[in-house]
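Heads up, the thing below is written out as C-alpha cells.
The values are calculated or read from the model by the stated rules, or taken from the named source; none is laboratory data. Quick caveat: nothing in here was measured; it's all calculated off a predicted structure. So basically every Cβ, Gly included, is an ideal-geometry build from the backbone, and we count neighbours across all protein chains shown.
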Amino acid sequence: MSSIAAPADAARRAPKRAIPGFGPTLGFTVFYLSVLVLIPLAGVFFRASGLGLEGLWNVLTGPRVLNALSLSFGAAFIAALINAVFGGVVAWVFVRYEFPGKRLLDAVIDLPFALPTAVAGIALTALYAPNGWIGELLTPLGIKVAYTRLGIIVALTFIGLPFVVRTVEPVLREVERDLEEAAATLGAMRWHTITRVILPAVLPALVTGFALSFARGVGEYGSVIFIAGNFPNVTEIAPLLITIKLDEYDYRGATAIAAAMLVISFVLLLVINLLQAWARRRA
Amino acid sequence: MLFAGQVGAAQLLNASYDVARGFYKDLNPAFIADWKKHGGADLSIDQSHGGSSKQARSVIDGLEADVVTMNNPLDIDAIAKAGLLPADWQKRLPNNSSPSWSAILFIVRKGNPKGIKDWDDLVKSGVQVIVPNPKTSGNGRYSYLAAWQYARSKTGGSDDTAIAFEKKLFGNVPVLDTGGRGATTTFAQRGIGDVLLTFENEVGLIRDEFGADKFEIVVPSLTVRADNPIALVDKVAAKKGTTPIAQAYLQFHYTKAAQEIFAKNGLRPIDAAVLKAHAADFPALNLFDVEQAFGGWSKAQADHFADGGSFDKIIANAHP
C-alpha cells in the first residue's frame, strides 16, 4: 500500500505547474505513441522472432543482407554529411542576405519534401542516365552516376536537403549579430568568429538536421530504386531487399532485415541525440 | 447474407500481371457481351495489375480477387499454399490451366550494331544485357532458365558450364530491375544496354510505344515456353458468391474469340488453328519447357531462385 502511495505523495508535493494536466497529457502521449509507433514496430519484431535467434543470425549475416545494410546506412551517412555542410551554407545565405528571387528559391528548398519520391527518382535518373542531360556530360569524363552507388548518394542528398536547411535556419536567425560584432571589436579574426561564436550556437541544430536527413535516407525507397541499378551486393539498398524478400514470400526474412534496420537506426539516433545534448551544453 | 451479386451488378476482380493490361482491356468487354448474350445478369470486371509475385502476395494478404491470371504457375502455387485455392488447381482447366503462352526473345537496337544472334553473343565482353531480377520477376526467371538450358545443352555442356555461362551473362547486366516493365524502361527509354530479354508479347508493346523502326527482334536458337496460367480463387469467390461467373470467365479464355484476342495481343494462343492463322506474327521457335528441363517450377525455384540457390551464388561474384 505504502509503496503505491509514496509516488502519489511525491507528485502532490511536486512544484505546481502553471498549466495543469500533466497526468492526462502524459497518458495520452504514451497511448498515442504506442498505437501509432510502438505497436506496429513491435509487430515487426514479433514476426521476425518466428525465425529464432539462429535463423535471425543466418539471415542478417548473409553477404547480400550485410552489403545492403552497409550500403543503406553508408550512403545515408555520406548524404547527410553533404547536406549538413551545404545545407548549412544555404541556410546561412537565406538568413543573412537579401537578393532578388529569394522567396522563390526559398520555396524550391521544400520541393523534395513535397514531391512523391518516385518522381524525384525518375527525374534524377533521366538527368544522370548516360543519355540524360547531365549524364551525357559526365560519361566522357568517365564519371558514372546513375546505376552506381554515387547515384544513390545523389538521390539521398536531394531528399535530405530541406531537413538541414529548415532546422538550421531558425536557429541561425536567433544568433545575435551583436555577438559577432562584439567578437570582431574584441579583435577576433573572422574565421574565429565563425568557429567560436556562430558554429557552437548552430551546432545542435546542424546535428538535428543531419540526424533527420540521415534517418530519412536510411529508409528511403522510392527515389533510390530508380537510380540505383539494384544489383545485389553492389547497388541494392536494404529497403529494396526487404521488398524483394516479400516478393519471394519470405515474410520472416523481410521482417528480420526490417528489425535489424530498426535497431541500428534507433541506436544511431540515440547516439546522435546524446551528441546533440552534449553540443548544446557546450554552447 | 446480402447476396450482393444478385441485387446489384456482379463484380469480378481479376488480379493479373503487369503486361496483361492491354489484353484484358480487350478480353473483358468480349466476355461481358458474351455473358449477357447467354442470359447472364449485369456484370463488371475490375482489373488489378502489378508484378506477378506482388499480385499473388496481395491476394494472400487479402485482396479479394475472384480470379488470378499470372505469367508463371509459381505465384498461383503460393496462393494455393496459403489455402485460398486447392493445390491441384492446374488440373481444373485445359492445358494445365494455361490458355496462352509466350516465349523469351531478344530485342536489339536498330541494325543490331553488336551483331547479337544467339545466347553466346550475350556473354561476350562489351555487350550489355538488360534482364530483370530473376528473384522478383517471372520474366527474369524464364530468361535465367533459358540461358541455363542453352549452356548445358551445348556439346560438353553441364550444370557447371551453365553456372559459368550465367556468371558471364549477369556480369554483362548493368541494371537489374525488379520487374519486366522496369527493364523495358531501362532499355527502351533510358537507352541502356545492347539487348533486352523479354516476353514475346512485350516486344509488340515496345514497338508500339517506342517506335517500330527503333528495335529489331532476334529469335535465339533455343528458348523457353512460358505458360500463362489462370485460376479461380475458391475461397474469395465462394465468399462473394461469384463462383459460377468466375468459372465462366476463366472458361471463356479457351473460346475461339478469346484465343483470337490473345493472338492480337502478341500472346500465343493454345488453339492450334488460331495460332496457324496468325503464323506471320509468331515465328517458329525451338522450345523447351520448365517441367521437362527443370523438373517443374517448385524444383526450379528451390534449386535456382531460393535463398542460397544458384542465382545467389552467381550474383555473389558477378557484377558490372
Requested in this report: Output the number of residues of segment B:197-221 satisfying the condition of being touching a strand residue (DSSP E or B) at 6+ places or on another chain (Cβ under 9 Å) and either within 21 Å of A:GLY121 (Cβ to Cβ) or without any contact (Cβ under 8 Å) to a residue 12 or more places away in the chain (or both).
Outcome: 1
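Per-residue answers, yes or no, for (1) away from chain B (no Cβ under 14 Å); (2) aliphatic (A, V, I, L, M):
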position: A:LEU81; (1), (2): yes, yes
position: A:ASN131; (1), (2): no, no
position: A:GLY142; (1), (2): yes, no
position: A:ALA146; (1), (2): no, yes
Query raised in the report: Given the residues B:ALA65, B:ALA33, B:ALA78, which is the only one that is within 20 Å of B:ASP234 (Cα to Cα) and away from chain A (no Cβ under 14 Å)?
Result: B:ALA65
Requested in this report: Taking only segment A:240-260 into account, find how many residues are in contact (Cβ under 8 Å) with a residue 60 or more places away in the chain and either more than 12 Å from chain B (Cβ to nearest Cβ) or touching a Leu at 6+ places or on another chain (Cβ under 7 Å) (or both).
Outcome: 7
Report task. Identify the single condition in (1) in contact (Cβ under 8 Å) with a residue 60 or more places away in the chain; (2) surrounded by 23 or more Cβ atoms within 10 Å (Cβ to Cβ) that B:SER153 does not satisfy, given that it satisfies every other one. Result -> (2)
Report summary line: Checked B:ALA257, B:ALA306 against criteria (in contact (Cβ under 8 Å) with a residue 40 or more places away in the chain, surrounded by fewer than 18 Cβ atoms within 10 Å (Cβ to Cβ) and aliphatic (A, V, I, L, M)); the one match is B:ALA257
Report summary line: Being in a helix (DSSP H, G or I), closer than 30 Å to B:ALA316 by Cβ and within 14 Å of chain B (Cβ to nearest Cβ) narrows A:PHE226, A:PHE231, A:PHE214 down to just A:PHE226
Requested in this report: Tell me, yes or no, whether segment B:124-144 has at least one residue that is crowded, with 16+ Cβ neighbours inside 10 Å, within 13 Å of chain A (Cβ to nearest Cβ), among the hydrophobic types (A, V, I, L, M, F, W, C) and not in a loop (DSSP other than H, G, I, E, B).
Outcome: yes
Report summary line: The lone condition A:VAL165 fails out of (1) out of contact with any helix residue (DSSP H, G or I) (no Cβ under 6 Å at 6 or more places or on another chain); (2) more than 14 Å from chain B (Cβ to nearest Cβ) is (1)
Requested in this report: Pick out the one residue from A:ALA201, A:ALA188 that is free of Cβ contacts under 8 Å to residues at least 12 places away in the same chain, surrounded by 15 or more Cβ atoms within 10 Å (Cβ to Cβ) and of a type in the set (Gly, Ala, Ser).
Outcome: A:ALA188
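So that you can scan it fast, the table gives a plain yes or no per residue for (1) aliphatic (A, V, I, L, M); (2) farther than 30 Å from A:ILE153 by Cβ:
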| site | (1), (2) |
| --- | --- |
| A:PHE28 | no, yes |
| A:LEU33 | yes, yes |
| A:SER49 | no, yes |
| A:GLY52 | no, yes |
| A:LEU60 | yes, no |
| A:ASN83 | no, no |
Report task. Scan (1) over 25 Å from B:GLY140 (Cα atoms); (2) among the hydroxyl-bearing types (Ser, Thr, Tyr); (3) in contact with a Leu (Cβ under 7 Å, 6 or more places away or on another chain) for the single condition B:THR255 breaks and write down its number. Result -> (3)
Query raised in the report: Would a scan of segment A:67-76 turn up a residue that is surrounded by fewer than 11 Cβ atoms within 10 Å (Cβ to Cβ), hydroxyl-bearing (Ser, Thr, Tyr) and within 27 Å of A:ILE152 (Cβ to Cβ)?
Result: no
Requested in this report: Look at B:VAL274 and say whether it is free of Cβ contacts under 8 Å to residues at least 24 places away in the same chain and among the aliphatic types (A, V, I, L, M).
Outcome: yes
Report task. Determine which member of the set A:LEU172, A:LEU179 is away from chain B (no Cβ under 14 Å) and surrounded by fewer than 18 Cβ atoms within 10 Å (Cβ to Cβ). Result -> A:LEU179
Query - Residue tally, condition among the aliphatic types (A, V, I, L, M), under 14 Å from A:ASP250 (Cα atoms) and modelled with pLDDT under 90, over segment A:46-80 - result: 4
Requested in this report: Would you tally the residues in segment B:189-202 being over 13 Å from the mean Cα position of the chain (by Cα) and modelled with pLDDT of 90 or more?
Outcome: 4
